[in-house]
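The block underneath contains the structure these notes are about, expressed in structure tokens.
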Ligand code: 5RP
């Protein structure tokens, strides 16, 4: 899985610490990204040792990794809710738990899974922690809605840019067959208001602002993990 800065030891510690909270019988949301991948690997090792769980992947990539790790899987529509979802973030404010996701363009399914989970545990390294959200907001859009959504983002005070595939001419296409517009709003003063405004734009499938979802945040570092609830 794609890695986005931050030390891999710090990410591993965060992912492993969150995985330790998973117990027998749980239905577990499996996030996307390099930090969530550490949690999936730790859960795979625990399943090898007898842990009895069902995982619900949030992307093609997390599904592939979970299969490789031998974790029994189900789709979101096959389970009656989730006990916990573990996922990474591109930026997070510890005080509120509000975060921005979508660096891996998986935020639509990630939000569905987080919303269905009783607890949403975010795993990050210290480079993701901020006083105020100011990371670009990933907005998944129906292909035909791209220009309309870009205009709406500008009206909301943001600067939109179509996400392009690394080393390729074409755009990034999500697991759902849509495009991603990255919207730069600078510092976000009111994440809830911006989240509602973006959700109201026709053609927006989902955006990466996760407001009031996180119930715990694990920040891994070179020498340990801190947990904020
Ligand atoms: C994918 C995400 C990821 O969780 C986010 O981009 C963080 O990734 P990483 O752990 O690799 O830094 O939201 O859509």
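Where a number appears in this text, it was derived from the coordinates with a stated rule and is not lab data. This is a predicted model, so every value here is computed, not measured. Backbone-built Cβ (ideal geometry, glycine too); neighbour counts: all protein chains shown.
Annotations for the structure displayed:
- The fewest-to-most ranking of 175, 9, 182, 189 by surrounding Cβ atoms within 10 Å reads 189, 9, 175, 182.
- Separation in nanometres of the label points that stand 7 Å from Cα toward Cβ, at residue 166 and residue 154: 3.0
- The stretch 6-51 shape via C-alpha gyration tensor axes, a/c threshold 1.5: prolate
- Estimated from helices alone, the mean residue ellipticity of the chain at 222 nm is -8500 deg cm²/dmol (sum of -39500 (n - 2.57) over DSSP H runs with n ≥ 4, per residue).
- Relative contact order [Cα under 8 Å, 6+ residues apart], the stretch 105-229, whole percent: 37
- With each label modelled as a point 7 angstrom along the Cα→C-beta vector, the residue 131-residue 96 pair spans 1.5 nm.
- Relative contact order, percent, the chain [alpha-carbon distance under 8 Å, six or more residues apart]: 24
- Global form of the stretch 159-229, assessed from the alpha-carbon gyration tensor, a/c cut-off 1.5: oblate
- Length-normalised contact order for the stretch 30-87 - Cα pairs under 8 Å, 6+ apart - percent: 45
- Kirkwood Rh, angstrom, the chain [1 / mean 1/r, Cα pairs]: 17.5
- Span from the the stretch 102-125 Cα centroid across to the the stretch 27-101 one, whole angstrom: 9
- Here the chain carries DSSP beta bridges of which approximately 55% are antiparallel, counting only pairs with both residues inside.
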